[in-house]
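Down below is the structure, laid out as structure tokens.
The values are calculated or read from the model by the stated rules, or taken from the named source; none is laboratory data. Note that the structure is predicted; figures quoted are calculated from it, not measured. Please note: Cβ atoms are built from the backbone with ideal geometry, for glycine as well, and neighbour counts cover all protein chains shown.
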Amino acid sequence: MNDTKNAPKYESLVLRVLWMLVFLLVWQVAQLVLGGLVLVQLIYRVVYGAPNGGLMNFGDSLSLYLAQIGRFGSFHTEQKPWPFADWPAPRAPEGEAPYAQTAKGEETKP
């Protein structure tokens, strides 16, 4: 006797497991990118005396993306992360002010 009530749930679970495996691979790549970004930001900070604003924003949005993958993988949400949802917007920096350069090429330090 086939129970047709449980068939759609099982199929959706199988599909979710496949998506979780895909996002597990994406997680690994994103984690490496974030680690590289941390090193580049550290070097930038040592050289210029302040962090790069673009790297700060990308690092924050990438860390929020990793959090979205974790929430999806732990069944906390049904919303799949990017590219199925919008890329997370970076939050306002809470640490050092980013390095800024004037239009004439003069450096300004925070």
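Just a yes or no: is a residue in segment 54-71 among the β-branched types (Val, Ile, Thr) and surrounded by 14 or more Cβ atoms within 10 Å (Cβ to Cβ)?
Residues of segment 54-71 among the β-branched types (Val, Ile, Thr): 69.
Imposing the further condition that a residue be surrounded by 14 or more Cβ atoms within 10 Å (Cβ to Cβ) reduces the set to 69.
Scanning segment 54-71 turns up at least one residue that is among the β-branched types (Val, Ile, Thr) and surrounded by 14 or more Cβ atoms within 10 Å (Cβ to Cβ).
Kindly provide the set of residues from segment 31-73 that are within 16 Å of the chain's Cα centre (by Cα) and of a type in the set (Ser, Thr, Tyr), ordered by number.
61, 63, 65
Within the set of pairs 6+ apart or on separate chains, which have a first residue in segment 72-101 that is free of Cβ contacts under 8 Å to residues at least 24 places away in the same chain, a second that is in a loop (DSSP other than H, G, I, E, B) and buried (at least 16 other Cβ atoms within 10 Å of the Cβ), and C-beta atoms under 7 Å apart?
Hits for this filter: zero, empty list.
Just name the residue that is surrounded by the fewest Cβ atoms within 10 Å (Cβ to Cβ) out of those in segment 80-95 that are in contact with a Leu (Cβ under 9 Å, 6 or more places away or on another chain), under 15 Å from residue 53 (Cβ atoms) and of a type outside the set (A, V, I, L, M).
Per the stated criteria, the residue is 91.
Being exposed (fewer than 14 other Cβ atoms within 10 Å of the Cβ), assigned to a helix (DSSP H, G or I), at pLDDT below 95 and on the phi < 0 side of the Ramachandran plot narrows it down to one of 15, 39, so name that one.
Values: 39 fails: at pLDDT below 95.
Step by step, each of 15, 39 is checked, and only 15 is exposed (fewer than 14 other Cβ atoms within 10 Å of the Cβ), assigned to a helix (DSSP H, G or I), at pLDDT below 95 and on the phi < 0 side of the Ramachandran plot.
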